[in-house]
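Since the structure comes first, as structure tokens, the remarks are kept for the end.
Computed from the coordinates by the stated procedures, all read-outs in this text should not be read as laboratory data. In this text the structure is predicted, and so the values were computed from the model without any measurement. Counting neighbours? That spans all protein chains shown, and the Cβs are built from the backbone with ideal geometry, glycine included.
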Amino acid sequence: MAHEISPLNVEALRAEFPILHQQVHGKPLVYLDSAASAQKPLAVINAQADYLRNHHANVHRGVHTLSQRATDAFEHARRQVQSFLNAREVEEIIWTQGTTDGINLVAQTWGRTHLHAGDRILISRMEHHANIVPWQLLAAERGLHLDVAEIHEDGSLNWDSVQDGLNRSPKLVAMTYVSNTLGTVNDASRLVKAAHNIGARVLIDGAQAAPHKRVDVAALDCDFFVFSGHKTYGPTGIGVLYGKREVLEDMPPWRGGGEMIAEVSLERGTTFAPIPFKFEAGTPHISGAIALGTALDWMQGVGVESIAAHEEALAAATHEALSTIPGMRFIGTAPGKAGVVSFVVEGTHPYDLGSLLDAQGVAVRTGQHCTQPLVDHFGIPGTVRASFAAYNTFEEVATLHRAVERAITLLK
Ligand code: PMP
């Protein structure tokens, strides 16, 4: 919608992020590591504090006022997630600890029910370890095959390779929407259609999509979608698994305990609660869920498309500025990429560059970014990664540029 792609008032936004206004090693902090974890606006900090200060009690358990208030706020947050993802039903939203937790839940419940010896799972070369290792564990236990769709040198998905993978009739396709290392945005909708055509279920790793794209799980038609609260300006320790009702209802529970049962009998055994509670054993991260709901509302208030456009402009400016540096090699240059810039500089190690940037107040991520198969593919030890959020500025891009030049002078 055109009205939402208005430019951000970044200075006003920055005032909402107290953490940004500090010095690191005597220099103003330039925080360029939001793909690892985004900083929190006051609205989110205040929502969590207000809940803890005024309303906390355990949820779904008490008749007393605080418990009812906590339950109302917690379930309201679930509806905020439903609206953010455009899920058809609120019962399709399951609280998890984050993306990793959500993928493990799917592997251990749907996977252990529906995947048997000889069955195949299709992932891609650009997956985060969170979308590799749970499948490897299951594959080892069950005798499954893990196929890998390859990428092109610019970091875009190789659709011929995807098609080869689909031709082997996987039961599950599990892929990232946006790559945390390359910034590549995959055509998730095309992937879902192609996978459904051969009868496969599809899990979309939305960890890097939810903070930077308008996500519509109903339109995407994916079977599962996972993301983490801490990358969408919310707290750590909370995340979301979206699943289609009929798929979730067909899955056994994973963790057993309180909250997830209908009736427990030592004689007759246990029956389970309906979705989503069947998958939410134990006391949940109540304050985290409430603050995540606030974070998602905050993002929508600012405008998800406006945030994405701003981040993409910052990434483009970074590419342009850094490309003048001799020996610069960008890792991930696919068209339409998100606000992530990964690079290596000939003759320097990413860790050394990262440390020298930190000494100048610039926080970037260095290393493999939990994507070792991808980084190995490029024949490099890792990358330096600058990643952007709503609160970053073009001045910060200029600071990064100067800091990289200075670091290289020191290293050479
Ligand atoms: N997938 C992707 C694409 C990611 O970027 C990340 C976080 N770097 C994860 C999964 C894992 O997220 P979390 O650590 O919050 O579970």
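Listed highest first by mean packing, meaning other Cβ atoms within 10 Å per residue, what order do 36-42, 88-94, 125-131 come in? Display every interim value, and only then the final one.
Working: 36-42: 20.1, 88-94: 18.6, 125-131: 22.0.
The packing order, highest mean first, is 125-131, 36-42, 88-94.
Springs between alpha-carbon pairs under 10 angstrom, Gaussian network model over the chain: which of Glu305, Glu153, Glu11 fluctuates most?
Glu11
What's the center-to-center distance, using Cα atoms, between region 178-199 and region 94-170 in Å?
Each part reduced to its Cα centre gives a spacing of 12 Å.
What net charge is computed for the residues neighbouring Gln136, neighbours being all others with C-beta under 13 Å from the C-beta of Gln136, Lys and Arg scored +1, Asp and Glu -1? Before the final figure, lay out the partial values.
Values: positive: Arg142; negative: Glu127, Glu141, Asp147.
It works out to a net charge of -2.
Subtract the Cα-Cα distance of His21 and Arg268 from 0.36 nm times their separation in residues, and report this length gain in nm to one decimal.
Result: 83.0 nm gained on full extension.
Using 7 Å Cα-to-Cβ label points, what is the Asp250/Asp376 separation (nm, one decimal)?
Distance between the two pseudo-spin positions: 3.4 nm.
Local charge sum around Ser342 (other residues, Cβ-Cβ under 11 Å, Lys/Arg +1, Asp/Glu -1)?
Combined, the nearby Lys, Arg, Asp and Glu give +4.
Length gain on complete extension for the stretch Asp154 to Ser355, per 0.36 nm per residue less the alpha carbon to alpha carbon distance?
Roughly 69.7 nm would be gained on extension.
Let me check I've understood the local charge: for Ala363, count other residues with C-beta under 13 angstrom from its C-beta, Lys and Arg +1, Asp and Glu -1. What total comes out? Let's see the in-between values first.
On the way: positive: Lys27, Arg365, Arg385; negative: Asp33, Asp358, Glu396.
Once positives and negatives cancel, what remains is 0.
Would you compute, from DSSP H runs of 4+ residues alone, the mean residue ellipticity of the chain at 222 nm, taking -39500 (n - 2.57) per run and dividing by the full residue count, rounded to the nearest 500?
-11000 deg cm²/dmol
Only Cα pairs under 8 Å and at least 6 apart count here; give the relative contact order of the chain as a rounded whole percent.
Relative contact order comes out at 23 percent.
Under 10 °C and 1.306 mPa s, how fast does the chain diffuse according to Stokes-Einstein, given a Kirkwood radius computed over C-alpha pairs? Answer in µm²/s, whole number.
Here the translational diffusion coefficient equals 71 µm²/s.
Describe numerically, in nm with one decimal, the distance between label points set 7 Å from Cα along Cα→Cβ at Leu52 and at Leu411.
3.8
Which residue fluctuates most in the GNM of the chain (Cα springs below 10 Å): Leu66, Leu292, Leu353?
Leu66
Would you report the distance distribution of C-alpha pairs in region 226-329 as whole percents per 10 angstrom bin, up to the bin with the largest distance?
Distribution as computed: 12, 26, 25, 17, 11, 6, 2, 0 percent.
Please find the FRET efficiency linking Arg79 to Thr324, where r is the Cβ-Cβ separation and R0 is fixed at 60 Å, and quote it to the nearest 0.05.
Values: r = 49 Å, r/R0 = 0.81.
My answer for the efficiency is 0.75.
Computed FRET efficiency, Cβ-Cβ of Ser189 and Ala140, R0 41 Å: what is it to the nearest 0.05?
Values: r = 32 Å, r/R0 = 0.78.
Rounded to the nearest 0.05, the efficiency is 0.80.
Under a point spin-label approximation (7 Å from Cα along Cα-to-Cβ), what is the Arg69-Ala117 distance to one decimal in nm?
Distance between the two pseudo-spin positions: 5.8 nm.
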